[in-house]
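Undergrad: One structure follows; several queries about it will come next.
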Amino acid sequence: MAPGEERRSDGAISLPPGPRRPAAVQALEWALRPATFLERCHRDYGDLFTVRLDVGRAPRVLIAEPQTAARLLSDPSLTKIPDTRASIAPVFGEEWVLLANGAKHIRRRRQMLPAFHGDHLQGYREKIVAATDSEIARWPLSQPIALRGRLQSLTLQLILVAVLGSAGEEVMEETGRKVESLLAIVANRRAALAVALPDRARSLLARGALGRARSSLDAVIVAEIERRRRTPAGGVGSDALAHLLQPTVDGEEALRTEVVCDQVRTLLLAGHESTATSLAWTLEHLVHAPNASKRLREEARSIGGDGGEAYTEAVLTESLRLSPPLANTQRQLTKALPSGPYTLVPGTLVTPCAYLIHRRPDLYPAPNEFRPERFLSAPPTPAAWLPFGGGPRRCLGASFARLQMNLILRRLFQRLSLEAVSAMREPVQRRGIVLAPANGAEVVVTKRLPP
């Protein structure tokens with residue numbers, strides 16, 4: 001039996017092998033050197049391996065095999081969302097849509113989806129371009145700037161419009177300040193180290209600065225919810241909050257205030273940081289790839305500001321493959337899952353790992369190289385490309401994120417010339433739940449380009 005394997009009484013292997021180091025040590029490795037930790041485990045133990053990242057909690061099995069991962073993500077009868085409230089409830093709340101299972105999840109997702117699709121989505125185009133122009137006008141010339149933070153300010157403005165646009169500028173500005181305060185705590189390096197703490201110690205974080213920052217944000221959100229509920233029907237707007245306040249199509253009562261607040265808070269927090277991080281990675285790759293940058297600039301400047309263009313889309317697809325902002329997603333088995341020599345039993349925590357699947361040489365030749373051309377002839381297969389997850393829990397804001405990334409990237413290459421600060425590529429660093437460039441994707445704006 002390989003190191004770390006666990007067998008059932010009938011002799012079947014119920015857990016694949018994995019590192020034998022204590023959970024606290026593995027958690028620290030995951031927090032401080034996430035890419036190295038994942039790559040080493042995959043190299044040493046194969047496509048399925050067991051890790052212990054939470055002190056006092058069950059181990060989890062990471063999945064780097066695309067077909068098994070796709071099945072886990074696409075078949076809702078096979079898995080459920082595990083009870084991870086102790087680790088994420090202090091930030092996202094216990095009523096977050098992604099913690100719901102079954103009919104409750106479907107109902108809440110259906111309420112929020114219209115704000116990020118169809119006509120609503122296309123209505124954001126001019127706002128995205130205008131906000132981008134305003135942001136990049138403030139970027140200095142000939143000195144290093146970290147793009148991730150500046151892009152996050154931009155994407156925060158845009159998610160505020162999508163979620164609370166009907167509230168007015170004053171409410172959006174105040175909410176934005178509260179979101180930034182909360183994220184500053186969540187993304188702090190010490191917060192990443194908290195994964196090495198047992199559940200009870202982690203829950204104490206909610207009573208300190210984190211809890212105060214969340215309560216401050218919630219107060220603004222709840223005030224807006226209550227204001228809209230006092231507004232006559234038809235006057236609550238068309239943003240995501242307006243959709244959440246509507247009765248469900250199956251005749252159920254409107255959601256409770258605390259439930260709506262959890263959804264709004266999560267949309268604001270998760271709905272812009274991952275987009276900004278993905279854009280930062282894209283630009284980090286491009287400033288080290290002069291041929292790709294040249295081709296992207298030619299396409300961006302030849303078409304003005306409109307359209308879904310092949311090379312721009314290939315660049316984004318390749319960047320999301322090479323640097324997915326979320327390395328993995330977690331599920332809990334409700335049925336036994338045979339996979340190769342292993343039979344994972346019901347209750348096992350399973351984690352499809354996009355980061356490792358995206359770097360398989362059998363799926364992507366030269367997987368560690370940035371090659372947008374690989375996606376010019378055909379899009380990736382869903383099982384092999386998972387930056388937004390998959391199946392019925394695929395990121396509901398994926399289309400909105402992709403639209404922002406496309407328009408912002410093209411605008412940057414229409415208006416600015418960028419160069420890398422260093423010839424060295426930036427390593428991966430954990431920032432809260434996302435994997436970000438360690439130095440924030442540092443570049444120099446060498447010149448502004450004429451329209």
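Undergrad: Checking Gly340 against (1) surrounded by 15 or more Cβ atoms within 10 Å (Cβ to Cβ); (2) touching a residue at least 40 places away in the same chain (Cβ under 8 Å): exactly one of these is not met. Which one?
TA: Checking Gly340 against (1) surrounded by 15 or more Cβ atoms within 10 Å (Cβ to Cβ); (2) touching a residue at least 40 places away in the same chain (Cβ under 8 Å), the one that fails is (1).
Undergrad: Cβ-Cβ below 6 Å, separation at least six or inter-chain, first residue in region 283-303 and more than 18 Å from Leu147 (Cα to Cα), second modelled with pLDDT of 95 or more and among the charged types (D, E, K, R): which pairs?
TA: Pairs that qualify, where the first residue is more than 18 Å from Leu147 (Cα to Cα) and the partner is modelled with pLDDT of 95 or more and among the charged types (D, E, K, R), are Ala300/Arg410.
Undergrad: Could you please find all residues in region 313-353 being over 15 Å from the mean Cα position of the chain (by Cα), assigned to a loop (DSSP other than H, G, I, E, B) and closer than 19 Å to Gly102 by Cβ?
TA: Those that are over 15 Å from the mean Cα position of the chain (by Cα), assigned to a loop (DSSP other than H, G, I, E, B) and closer than 19 Å to Gly102 by Cβ: Thr334, Lys335, Pro346, Gly347.
Undergrad: Here is a follow-up. With the requirement that a residue be buried (at least 19 other Cβ atoms within 10 Å of the Cβ), over 27 Å from Ala24 (Cα atoms) and within 19 Å of the chain's Cα centre (by Cα), what does region 67-82 give you?
TA: Ala70, Leu72, Leu73
Undergrad: With respect to Ala206, is the statement that it is more than 30 Å from Ala254 (Cβ to Cβ) and either surrounded by 15 or more Cβ atoms within 10 Å (Cβ to Cβ) or modelled with pLDDT of 70 or more (or both) true? Before the answer, list the steps.
TA: Numbers: more than 30 Å from Ala254 (Cβ to Cβ): no; either surrounded by 15 or more Cβ atoms within 10 Å (Cβ to Cβ) or modelled with pLDDT of 70 or more (or both): yes.
No.
Undergrad: Right, another one. Somewhere in region 319-328, is a residue surrounded by fewer than 22 Cβ atoms within 10 Å (Cβ to Cβ) and farther than 23 Å from Phe400 by Cβ?
TA: no
Undergrad: Let me ask something else. I need the strands (runs of 3 or more DSSP E) fully contained in region 13-72, keeping only those with at least 1 residues that are within 17 Å of Leu363 (Cβ to Cβ).
TA: On the way: elements: 13-15, 48-51, 60-63.
Once the strands (runs of 3 or more DSSP E) in region 13-72 are filtered for at least 1 residues that are within 17 Å of Leu363 (Cβ to Cβ), what remains is 48-51, 60-63.
Undergrad: How about region 335-359: which of its residues are more than 16 Å from Arg71 (Cβ to Cβ) and in contact with a His (Cβ under 9 Å, 6 or more places away or on another chain)?
TA: Residues satisfying the conditions are Leu356, Arg359.
Undergrad: Just one of the numbered conditions (1) of a type outside the set (Phe, Trp, Tyr); (2) farther than 25 Å from Ala436 by Cα; (3) surrounded by fewer than 22 Cβ atoms within 10 Å (Cβ to Cβ) is not true of Thr348; which one?
TA: For Thr348, the failing item is (3).
Undergrad: Tell me, yes or no, whether region 35-45 has at least one residue that is closer than 21 Å to Gly390 by Cβ and either modelled with pLDDT of 95 or more or of a type in the set (Ser, Thr, Tyr) (or both). Please lay out each step first, then the result.
TA: Let us first name the residues in region 35-45 that are closer than 21 Å to Gly390 by Cβ, namely 38, 42.
Filter again for either modelled with pLDDT of 95 or more or of a type in the set (Ser, Thr, Tyr) (or both), leaving 38, 42.
Yes, because at least one residue in region 35-45 is closer than 21 Å to Gly390 by Cβ and either modelled with pLDDT of 95 or more or of a type in the set (Ser, Thr, Tyr) (or both).
Undergrad: Give me the residue from region 367-387 that is in a helix (DSSP H, G or I) and not hydrophobic (A, V, I, L, M, F, W, C) and, out of that set, modelled with the lowest pLDDT. Step through it out loud before you land on a result.
TA: Going residue by residue through region 367-387, those that are in a helix (DSSP H, G or I) are 372-375, 382-384.
Narrowing further to those that are not hydrophobic (A, V, I, L, M, F, W, C): 372-374, 382.
On the way: Pro372: 98, Glu373: 97, Arg374: 97, Pro382: 92.
So the residue we want is Pro382.
Undergrad: Let me ask something additional. Assuming Tyr311 fulfils every condition listed in (1) more than 30 Å from Asp83 (Cα to Cα); (2) crowded, with 22+ Cβ neighbours inside 10 Å apart from one, which condition is it?
TA: (2)
Undergrad: Of all residues in region 400-451, how many are farther than 22 Å from Asn291 by Cα, of a type in the set (Lys, Arg) and either out of contact with any helix residue (DSSP H, G or I) (no Cβ under 9 Å at 6 or more places or on another chain) or part of a strand (DSSP E or B) (or both)?
TA: 2
Undergrad: Can you tell me which condition Thr50 does not meet? The list is (1) surrounded by fewer than 18 Cβ atoms within 10 Å (Cβ to Cβ); (2) modelled with pLDDT of 80 or more, and all the others hold.
TA: (1)
Undergrad: Out of the residues in region 399-422 meeting the condition of being small (Gly, Ala, Ser) and in contact (Cβ under 8 Å) with a residue 60 or more places away in the chain, tell me which one is surrounded by the fewest Cβ atoms within 10 Å (Cβ to Cβ). Spell out the reasoning first.
TA: Of region 399-422, the ones small (Gly, Ala, Ser) are 399, 401, 417, 420, 422.
Narrowing the set further to residues that are in contact (Cβ under 8 Å) with a residue 60 or more places away in the chain leaves 399, 401, 420.
Numbers: Ser399: 15, Ala401: 26, Ala420: 20.
Across region 399-422, the extreme among qualifying residues is Ser399.
The values are calculated or read from the model by the stated rules, or taken from the named source; none is laboratory data. Given the structure is predicted, the values throughout are model-derived calculations rather than measurements. Glycine also receives a Cβ, built like all others from the backbone with ideal geometry; neighbour counts cover every protein chain displayed.
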